[in-house]
Amino acid sequence: MLYLNYMAILEILQYPDLRLRTKATPVTDVKDPQIKKIIDDMFETLYKTPNCAGLSATQLNLQNPPRITVIDESSTNKQPFCLINPVITVTEGKSNYVEACMSVYPDYNISGKVARPDRITFTALDRDGTLLEIAAEGFFSRCVQHEIDHLNGIIYLDHLSSLKRKMVDKKIKKILLKM
Ligand code: NI
């Protein structure tokens, strides 16, 4: 029997969807075909979504999302990073940087300044189950931290000052009323 396994574009959940607050489940078997399929679909979704540098499984409409993040910050889509069970082991420095999120109305210019460590070292398994240890800085470091937050049910809005958060929530309310 001919069996075709099509890749699929997954729905990106939008704040304040409570599923964004799910804590992702550690992956115990990277060879599981279901896990491979989720990774393929996540990359497909990443590459088909304009201006998307990273996505985490908790942002997608998945039951019991696994601890998987996909990142490609290149404009040519040629630097795919699949991070399974990522853990930050070292942090250094701190600075503010404006962040936005695919789950927070990316077409409506919503963003906010978030203070995070500049440099991190993290470990993760790649798609083949190889243990990676990577020192990251700049935008890539930001992306990894933002995405690991997602796997813990945290959105960048949670890091904003209460005043800024109120302003953003007001803006989002207006967007939702127009939808
Ligand atoms: Ni995000």
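Does the stretch 64-73 include one or more residues that are at negative phi, within 10 Å of the chain's Cα centre (by Cα), within 13 Å of the ligand (Cβ to nearest atom) and assigned to a loop (DSSP other than H, G, I, E, B)? Checking the stretch 64-73: not a single residue is at negative phi, within 10 Å of the chain's Cα centre (by Cα), within 13 Å of the ligand (Cβ to nearest atom) and assigned to a loop (DSSP other than H, G, I, E, B). Within the stretch 13-49, being over 15 Å from Leu62 (Cα atoms), touching a residue at least 12 places away in the same chain (Cβ under 8 Å) and loosely packed, with under 13 Cβ neighbours inside 10 Å holds for Lys31, Lys48.
To keep it simple, each residue is scored yes or no on (1) among the aromatic types (Phe, Trp, Tyr); (2) at pLDDT below 95; (3) away from the ligand (no atom under 12 Å from the Cβ); (4) open to solvent by 50 Å² or more (accessible area, probe 1.4 Å).
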position: Arg127; (1), (2), (3), (4): no, no, yes, yes
position: Thr130; (1), (2), (3), (4): no, no, yes, yes
position: Ala135; (1), (2), (3), (4): no, no, yes, yes
position: Cys143; (1), (2), (3), (4): no, no, no, no
position: Ile154; (1), (2), (3), (4): no, no, no, yes
position: Asp158; (1), (2), (3), (4): no, no, no, yes
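Looking only at the stretch 93-106, which residues are part of a strand (DSSP E or B) and either under 25 Å from Thr130 (Cβ atoms) or not charged (D, E, K, R) (or both)?
Here is the first cut: in the stretch 93-106, the ones part of a strand (DSSP E or B) are 95-99.
Result: Ser95, Asn96, Tyr97, Val98.
Within the stretch 146-171, residues that are touching a residue at least 40 places away in the same chain (Cβ under 8 Å) have Cβ atoms under 7 Å from residues that are in a loop (DSSP other than H, G, I, E, B) and more than 10 Å from the ligand (Cβ to nearest atom) in these pairs: Leu151/Ala24; Leu151/Arg67; Asn152/Lys23; Gly153/Thr22; Gly153/Lys23; Val168/Ile110; Val168/Leu160; Lys171/Ile110, counting only partners at least 6 apart in sequence or on another chain. Scanning the stretch 67-83 turns up at least one residue that is among the polar types (S, T, N, Q), touching a strand residue (DSSP E or B) at 6+ places or on another chain (Cβ under 6 Å) and over 30 Å from Leu177 (Cα atoms). Does the stretch 112-125 hold any residues that are open to solvent by 10 Å² or more (accessible area, probe 1.4 Å) and within 16 Å of the ligand (Cβ to nearest atom), and which are they? Result: Lys113, Arg116.
Being outside any helix (DSSP H, G or I) and within 14 Å of the ligand (Cβ to nearest atom) is the filter; apply it to the stretch 50-63 and report the residue that is surrounded by the most Cβ atoms within 10 Å (Cβ to Cβ).
Residues of the stretch 50-63 outside any helix (DSSP H, G or I): 50-56, 60-63.
From what is left, the residues that are within 14 Å of the ligand (Cβ to nearest atom) are 51-56, 60.
Working: Asn51: 9, Cys52: 18, Ala53: 20, Gly54: 23, Leu55: 25, Ser56: 27, Leu60: 21.
Filtering first and then ranking leaves Ser56.
When Thr25 is tested against (1) in contact with a Ser or Thr (Cβ under 7 Å, 6 or more places away or on another chain); (2) farther than 20 Å from Ile172 by Cβ; (3) modelled with pLDDT of 95 or more, just one condition goes unmet, and that condition is (1). Once the stretch 64-111 is narrowed to residues that are among the small types (Gly, Ala, Ser) and more than 22 Å from Leu157 (Cβ to Cβ), the residue that is least open to solvent (accessible area, probe 1.4 Å) is Ser74.
The values are calculated or read from the model by the stated rules, or taken from the named source; none is laboratory data. Quantities reported herein were computed from a predicted structural model and do not represent experimental measurements. Positions of Cβ are backbone-derived with ideal geometry, glycine not excepted, and every protein chain shown enters the neighbour counts. Side chains included, ligands, DNA and RNA excluded: accessible areas come from the protein's heavy atoms. Shrake-Rupley method; radii C 1.70, N 1.55, O 1.52, S 1.80 Å.
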